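Read through the structure below, which is laid out as structure tokens, and then see the notes.
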Amino acid sequence: MSKYLFPLTLLLMIFSYSDFVNNSSVKLDGKITDSLTGAPVSNAHIYIIKGELEAFSNNKGDFSIINPPPTPFTLQIEHNQYNSKLLKVTTTNEKLLIKLSK
């Protein structure tokens, strides 16, 4: 019995650490809308300036970026039918509402 105790304990520790890491990730959520109509804007390209993380808004205008850098950082939002927008992000605790204009 004791020869199995160490490997089982080690496996339990590895899985516990994995769950901790997965649950402690930070996520930046947002929604892109038309500034005049409030309609969701799909396929907007959202990316972090001076970084490699990016996302595209879905058909509801929603997007998520997993594990963004520490705040503050700047987002660039682009869509071929709207003016580009720069947005300084100071917190990841709230969902962003980003309005694009034409």
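The values are calculated or read from the model by the stated rules, or taken from the named source; none is laboratory data. All values reported here derive from a predicted model rather than from experimental measurement. Positions of Cβ are backbone-derived with ideal geometry, glycine not excepted, and every protein chain shown enters the neighbour counts. Please note that ligands, DNA and RNA were not included when accessible areas were found on the heavy atoms of the full protein model with its side chains. Shrake-Rupley method; radii C 1.70, N 1.55, O 1.52, S 1.80 Å.
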Hey, among the residues in region 64-73 that are outside any strand (DSSP E or B) and either in contact (Cβ under 8 Å) with a residue 12 or more places away in the chain or touching a strand residue (DSSP E or B) at 6+ places or on another chain (Cβ under 6 Å) (or both), which one's least open to solvent (accessible area, probe 1.4 Å)?
Pro68
I'd like to know if region 74-82 contains one or more residues that are at pLDDT 95 or above, open to solvent by less than 50 Å² (accessible area, probe 1.4 Å), within 16 Å of the chain's Cα centre (by Cα) and aromatic (Phe, Trp, Tyr).
no
Positions within region 30-63 being open to solvent by less than 50 Å² (accessible area, probe 1.4 Å), in a strand (DSSP E or B) and touching an Asp or Glu at 6+ places or on another chain (Cβ under 9 Å), in sequence order
Gly30, Ile32, His45, Ile46, Ile48, Asp62, Phe63
